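In what follows, a structure is listed as structure tokens, so that the remarks can point back to it.
The values are calculated or read from the model by the stated rules, or taken from the named source; none is laboratory data. What you are looking at is a predicted structure, and each value in this text was computed from that prediction instead of being measured. Note that each Cβ is placed from the backbone with ideal geometry, even for glycine, and that neighbours are counted across all protein chains shown. Ligands, DNA and RNA are stripped out before the accessible areas are found, and what is left, the full protein with its side chains, is counted by its heavy atoms. Shrake-Rupley method; radii C 1.70, N 1.55, O 1.52, S 1.80 Å.
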Amino acid sequence: MPLISKRGSLMPSSPIRKLAPLAREAKAQGVKVYHLNIGQPDLPTPRKALEALKHIDRETLEYSPSEGYAFLREKLVKYYKRYGVDVTPDDIIITAGGSEAILLGFLACLDPGDEVIMVEPGYANYISFSKTSSIKVKTVTARIEDGFALPSVEDFEKAITPRTKAILLCNPSNPTGYVYTPEELQRIKEIVIKYDLFLFSDEVYREFIYNGKPYVSALSLGIRKNVIMIDSVSKRYSECGIRIGMLVTKNREVHDTVMKYCQARLSPPLLGQIVAAESIEGTEDYAKACFDEYKERRDFFIKGLNEIPGVYSPMPEGAFYTVASLPVNDAEDFCRWLLTDFRLNGETVMMAPAAGFYSTPGLGKNQVRMAYVLKKEDLARALAILRKALEVYNQPR
């Protein structure tokens, strides 16, 4: 029988979804599962976007241009301008979600065996994209004790080798919610210049910065030819399913190389572009309401977490995630046990073991990533379940 590829065998399972079969089995038994494992917003998509989808007047659902429709890219130019980012429609490529933008950026900028440096804990799918691209991820570690602040310049420089081609940041961070300061980004800029690197900057969560820190785009650092910005409408408009992302760069060679891959995959989703374009303008009140709701959920949830004996979470400054430490030796075993063995009045909680967000073996062993994307009543119930579950799990067995 033929063997699968080595590349396929090395592809890691998603820590966000790897326990999904256990959750499905629990639900089949009638258990209510509170999903804190995945950043799927429960807030409604903008009504005007849904109406646009209902009233599409096209007779043919055709291929779009490989770079995406001009009407969407032109609206995005105005959107970015609100955040101090000056680009043109020709700097923007529409992709099938932010995931495709990252993958195509890797394929365009890095050769097999090249290295990209990322901060850990980091978005787990970055590792999957690197495996797909046959590139190597080197990590610098942010510590929960420091609130997951940017590691030192010395840590970055220790990770740099002759094969290093890029640094990858997520700002605000998934999975920690940390927001990099202008001073921290300046340090990254200096490293990028010194070693002549690309800077991949995932800025999907720019709308959700809660503590008054300024949003600073990597495209505003004065190294625009080095920067590949990644974006998506999934989170800010609760439109994860339409799969619309963007790769934005002022580097024409990078742009044109990415376009070769875009032409090979033909086009980004047609219906998704229509919905996304309708979401960008006239939704200011919607955006403000979403921001206020997530901030309220954050304040409530983090306070509740830190009131559970042995649990610690820094206060996330952005996005809608946190990485918290639990009073357990093996968070993955605990997360599995929650789904297979523990019930509180017919309910349980699903979380993502945080070890999957680290590349360094052994790190994050007692940590979980949680997304506070549920309404406060459900978050309160999830906190009560977690508190009781830890009491039971830590009893002698």
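Quick notes on this one:
- Equivalent ellipsoid semi-axes, segment 1-102, via Cα gyration tensor eigenvalues times 5, rooted, Å: 35, 23, 18
- For the chain, fraction of C-alpha pairs farther apart than 29 Å, in %: 45
- For the Cα trace of segment 283-355, dividing Rg by the Kirkwood Rh returns an Rg/Rh value of 1.05.
- 1.4 Å probe accessible area per residue over the chain, in Å²: 43
- Taken about its Cα centre, segment 297-397 carries a charge dipole of roughly 140 debye when the Cβ of each Lys and Arg holds +1 and the Cβ of each Asp and Glu holds -1.
- Cleavage-rule hits (GluC sites (Glu not before Pro)) in segment 1-97: DSSP loop, at most 15 neighbouring Cβ within 10 angstrom: 59, 62
- Residues whose placed amide H lies under 5 Å from that of residue 349, excluding near-sequence neighbours: 34
- Taking amide H positions as modeled 1.01 Å from N, with prolines and chain starts lacking one, the residues under 5 Å from residue 138 and 5 or more places away or on another chain are 116, 117, 118.
- Computed in the context of the full set of protein chains, the accessible area of segment 340-390 at 1.4 Å probe radius has 50% of its extent on carbon or sulfur.
- Distance from the alpha carbon centroid of segment 127-167 to that of segment 186-236 works out to 15 angstrom.
- Cα-centre dipole for segment 31-116 with unit charges at Cβ (Lys and Arg positive, Asp and Glu negative), debye to 20: 720
- Amide hydrogen proximity for residue 344: with H placed 1.01 Å from N in the peptide plane, no residue at 5 or more positions away or on another chain lies under 5 Å.
- Rounded to the nearest Hz, the phi-derived 3J(HN,Hα) couplings of segment 313-330 under the Karplus curve 6.51 cos²θ - 1.76 cosθ + 1.60 (θ = phi - 60°) are 9, x, 7, x, 9, x, 6, 9, 10, 8, 9, 10, 8, 10, x, 9, 7, 9, where x marks glycine and proline.
- Alpha-carbon Debye profile of segment 132-214, log10 I(q)/I(0) at 0.12, 0.13, 0.18 Å⁻¹: -0.37, -0.43, -0.83
- Heavy-atom accessible surface of segment 1-136: percent carbon and sulfur, 1.4 Å: 55
- For segment 198-331, alpha-carbon Rg relative to the globular expectation (2.2 N^0.38 Å, N residues): 1.31
- Gain upon complete extension [residue 88, residue 40; 0.36 nm per residue less C-alpha separation]: 14.2 nm
- When the charge dipole of the chain is built from unit charges on Cβ atoms (+1 for Lys and Arg, -1 for Asp and Glu) and taken about the Cα centre, the candidate among 132, 13, 2 whose Cα reaches farthest toward its positive end is 2.
- With the gyration tensor restricted to C-alpha atoms of segment 88-165, the semi-axes of the equivalent ellipsoid amount to 24, 16, 12 Å, longest first.
- Alpha carbon centroid spacing (whole Å) that separates segment 38-103 from segment 336-394: 34
- Pairs of lysines in segment 276-397 whose Cα atoms sit within less than 20 Å of one another amount to 9, provided the residues are eight or more positions apart or on different chains.
- Given charges at beta-carbon only (K, R positive; D, E negative), |dipole| of segment 222-314 in Debye: 540
- Close Lys pairs in segment 40-161, defined as Cα atoms under 28 Å apart and 8 or more places apart or on different chains, number 8.
- Calculated mean residue ellipticity at 222 nm for the chain: -12000 deg cm²/dmol, from DSSP H runs with n ≥ 4 weighted as -39500 (n - 2.57), summed, divided by the residue count and rounded to 500.
- Among 392, 179, the sequence by solvent-accessible area, most first, with a 1.4 Å probe is 392, 179.
- Taken along the Cα-to-beta-carbon direction at a fixed 7 Å, the label points for residue 263 and residue 296 span 5.1 nm.
- Note on the chain: antiparallel DSSP beta bridges, both residues inside, total approximately 45 percent of the bridges counted.
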